[in-house]
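A quick write-up on the structure given underneath.
We did not get these values from a lab; they are worked out from the coordinates using the rules stated. The shown structure was predicted, so the numbers you read here are calculated from the model rather than taken from an experiment. Here Cβ is always computed from backbone atoms with ideal geometry, including for glycine, and neighbour counts include all displayed protein chains.
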Amino acid sequence: MPLEDLSDREIRVLEAVIQVYIETAEPAGSQTVAQRFPLGVSSATIRNTMSDLEEKGFLYHPHTSAGRIPTDRAYRWYVDNFTRLAPPSTEDQRLLHAELTLSRSAVEEILRRAAQVLGVLTHELGVAVAPALDAVMLERLDLVKVSSDRLLLVFHLQSGALRTIFVQVPGTMPNEVVQRVAQILNERLAGLTLQQIRTTLTERLRDADRSEHERELLNIFIEEGEEIFGLPSGPESVVLGSAQMLAGQPEFATSGRIRDLLALTERRDLLQQALSTRRTAGLTITIGGEHNDSRLTGFTLVTSSYRSGDLCGVIGVIGPTRMPYDKIIGLVDHTSRMVEGLME
C-alpha cells in the first residue's frame with residue numbers, strides 16, 4: 001500500500017509500532033506508543049488508529065496481549081518507505097576491516113569470515129554463496145603428491161579464486177610423472193573456462209604421446225573430468241556463520257522455533273535455492289511470506305551481490321522478520337563492497 005493510502009496519523013502510528021516492536025520484541029500497546037513518541041494525540045486515539053491499521057493488514061493482535069505486532073506487509077511498507085542505506089558505525093567498519101583483512105586468503109575463507117562477523121554484528125545468521133565458477137578462466141593448476149595413491153589438485157582461477165580437490169590414483173605414481181602431467185594440463189587447459197575444459201577435455205588430451213604412467217594419469221583426468229572440473233555450485237557452496245547469536249533472539253525462545261532454526265541451518269539446499277537467484281540482483285530484501293518456499297516464511301533474508309571480474313556471489317543475513325532493517329541493510333551492503341575489494 002503506498003503512503004498516500006494511509007493518513008498522516010496512521011503513518012506516524014505505524015512507524016512507532018514497528019520501532020517499538022523491533023527494539024523490544026514485545027507487542028506495542030497504545031500507552032507505550034503515546035509515552036515514547038510525541039504524536040500529539042491521546043492513547044485512546046492511538047488505539048483506534050492501531051485498530052484501523054489492523055483492518056488494513058498492517059498490524060495483528062495476539063490473543064494474549066493488548067498490544068499489536070507488525071505484519072509482513074507492515075515491514076515491507078517500512079523498508080520501502082522509511083529505511084535509508086546508511087554506512088555502518090565507525091566501530092563496526094573497523095571490526096569488519098580487521099576480520100576480513102587478517103591475512104590474504106582464498107575466497108572461501110573471506111566469505112566464511114564475512115558471514116561470521118556479520119552474524120556477530122547483527123545478531124542474525126550470516127550467509128554467503130561462493131562464486132559460480134563455470135565461466136571463470138583457469139590461470140594455472142598445480143598437482144601435489146600427498147600420499148602414494150592421492151594427489152592434491154590446486155586450481156588457480158581468474159580474479160584470485162583458489163580451489164582444491166583430491167584425485168585418487170592407482171598405485172605409486174613417480175613424482176616426475178606427476179609434474180610432467182601437470183605441465184601437460186597447464187599447456188592444454190590454461191586460459192580456458194571450466195565449462196570449456198569439461199566439454200573439450202577428451203579432445204585436448206587424447207593425442208598426448210606420453211609414457212605409460214603419464215598416459216595412465218591423464219586417462220584419470222579424461223574419465224573423471226566432469227567431476228574434477230565441475231567445482232561445487234550446489235548446496236556445498238553455501239557458507240554459514242554461527243547460529244548462536246540468532247538462537248539468542250526472543251523469537252527462538254521455544255523449542256519449536258529452535259527446531260525451525262536448526263532445520264534451516266541443516267537445509268543448505270533450501271538456502272542455496274533462495275540465494276542463487278540473487279547473484280546479480282544487487283541489494284535484495286525478502287520478508288516472511290514473500291519467500292517462494294513456505295519453510296522460509298518466518299524469516300527475512302537481506303543480501304547484497306558481489307562481483308569481481310567473472311566471479312559473482314551473494315552475502316547477507318537471515319533472521320526473524322523483526323530486525324533493525326536500517327542497520328542490517330547498511331552492514332550487508334558495506335560487507336559486500338569489502339568482499340569485492342578483497343577479490344580484486
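Counting neighbouring beta carbons within 10 Å and listing from fewest to most, the residues Val33, Val314 come out as Val33, Val314.
Nearest 10 degrees is fine. How inclined is helix 325-343 to the longest principal axis of the chain, computing both from alpha carbons? That works out to roughly 20 degrees.
Legend: Rg and Dmax of segment 138-228, from Cα coordinates, 12.3, 36 Å. From the largest down, the chain spans 91, 37, 33 angstrom on the principal axes of its Cα atoms. Residues whose amide H lies under 5 Å from that of Val314, counting only those 5 or more places away or on a different chain, are Val129, Tyr306; hydrogens are built 1.01 Å from N in the peptide plane.
Computed from Cα positions, the angle between helix 107-122 and the longest principal axis of the chain comes to roughly 10 degrees. When you restrict to C-alpha pairs under 8 Å that are six or more residues apart and normalise by the size of segment 3-82, the relative contact order lands at 32 percent. Counting beta carbons within 10 Å around each of Leu6, Leu118 and listing the fewest first gives the order Leu6, Leu118.
In angstrom, the C-alpha Rg and Dmax of segment 3-82 are 11.2, 33.
Counting charges near Gly282 (Lys, Arg +1; Asp, Glu -1) among other residues having Cβ under 14 Å from its Cβ returns a value of +2.
The ranking of Ser294, Ser42, Ser305 by Cβ neighbour count inside 10 Å, starting from the fewest, reads Ser294, Ser42, Ser305.
How tilted is helix 90-100 with respect to the longest principal axis of the chain? Cα atoms for both, answer in degrees (0 to 90, nearest 10). On a 0 to 90 degree scale, this one is about 20. When the Cα positions of Val120, Ser242, Ile46 are compared along the charge dipole of the chain, Ile46 comes out farthest toward the positive end, with charges on each C-beta of Lys, Arg, Asp and Glu.
Dipole magnitude for segment 138-228: about 240 debye, using +1 per Lys or Arg Cβ and -1 per Asp or Glu Cβ, origin at the Cα centre.
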